[in-house]
Amino acid sequence: MAYIICEPCIGVKDTACVGVCPVDAIHPTKDEPEYESSDQLYINPQTCIDCGACESVCPVQAIYAEDAVPDQWKDFIKKNYEHYGLTPP
Ligand code: SF4
Ligand code: SF4
């Protein structure tokens, strides 16, 4: 399982989550070239260790455990996986 970033991040991208992730699973960061063109940030499901630290610091409640993503944002599971070239479960 992994954590997933959903719709509320779009246009916010404040990167509060990036600073607390212990395994550097959240991209693009402000230092990366794709940051400006990316609508939102994404969590790498292969790197995420499910610690939950990012969920509690997000100012817009965009982050959910994969099995707790609200129905209206289920397509963001696919979006996060595909951002890293992975196939969603
Ligand atoms: S749950 Fe933990 S490991 Fe996964 S992205 Fe969030 S802070 Fe990083
Ligand atoms: S803390 Fe929330 S709004 Fe900010 S970049 Fe992370 S997911 Fe997006």
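The values are calculated or read from the model by the stated rules, or taken from the named source; none is laboratory data. Keep in mind it's a predicted model, so treat the numbers as computed, not measured. Positions of Cβ are backbone-derived with ideal geometry, glycine not excepted, and every protein chain shown enters the neighbour counts. For the accessible areas, the whole protein counts, side chains as well, though only heavy atoms, and no ligand, DNA or RNA atoms are used. Shrake-Rupley method; radii C 1.70, N 1.55, O 1.52, S 1.80 Å.
In this structure, does Val18 turn out to be β-branched (Val, Ile, Thr), more than 13 Å from Met1 (Cα to Cα) and open to solvent by 50 Å² or more (accessible area, probe 1.4 Å)?
no
Quick check on the stretch 55-72: of everything there that is more than 16 Å from Gln40 (Cβ to Cβ) and away from ligand 2 (no atom under 14 Å from the Cβ), which residue is least open to solvent (accessible area, probe 1.4 Å)? Give the steps one after another, and end with the answer.
We begin by selecting, within the stretch 55-72, every residue more than 16 Å from Gln40 (Cβ to Cβ); these are 56, 65-68, 71.
Checking the rest, the ones that are also away from ligand 2 (no atom under 14 Å from the Cβ) come to 66-68, 71.
On the way: Glu66: 26, Asp67: 118, Ala68: 55, Asp71: 125 Å².
Only one residue fits best here, namely Glu66.
Which ones in the stretch 12-45 are of a type in the set (S, T, N, Q) and more than 21 Å from Thr87 (Cβ to Cβ)?
Thr15, Thr29, Ser37
For the stretch 27-41, name all the residues that are in contact with a Phe, Trp or Tyr (Cβ under 7 Å, 6 or more places away or on another chain) and either more than 14 Å from ligand 2 (Cβ to nearest atom) or not in a loop (DSSP other than H, G, I, E, B) (or both).
Within the stretch 27-41, just His27 meets the criteria.
State all residues of the stretch 45-72 that are part of a helix (DSSP H, G or I) and either on the phi > 0 side of the Ramachandran plot or within 11 Å of ligand 1 (Cβ to nearest atom) (or both); if no residue qualifies, say none.
Ala53, Cys54, Glu55, Ser56, Val57, Glu66
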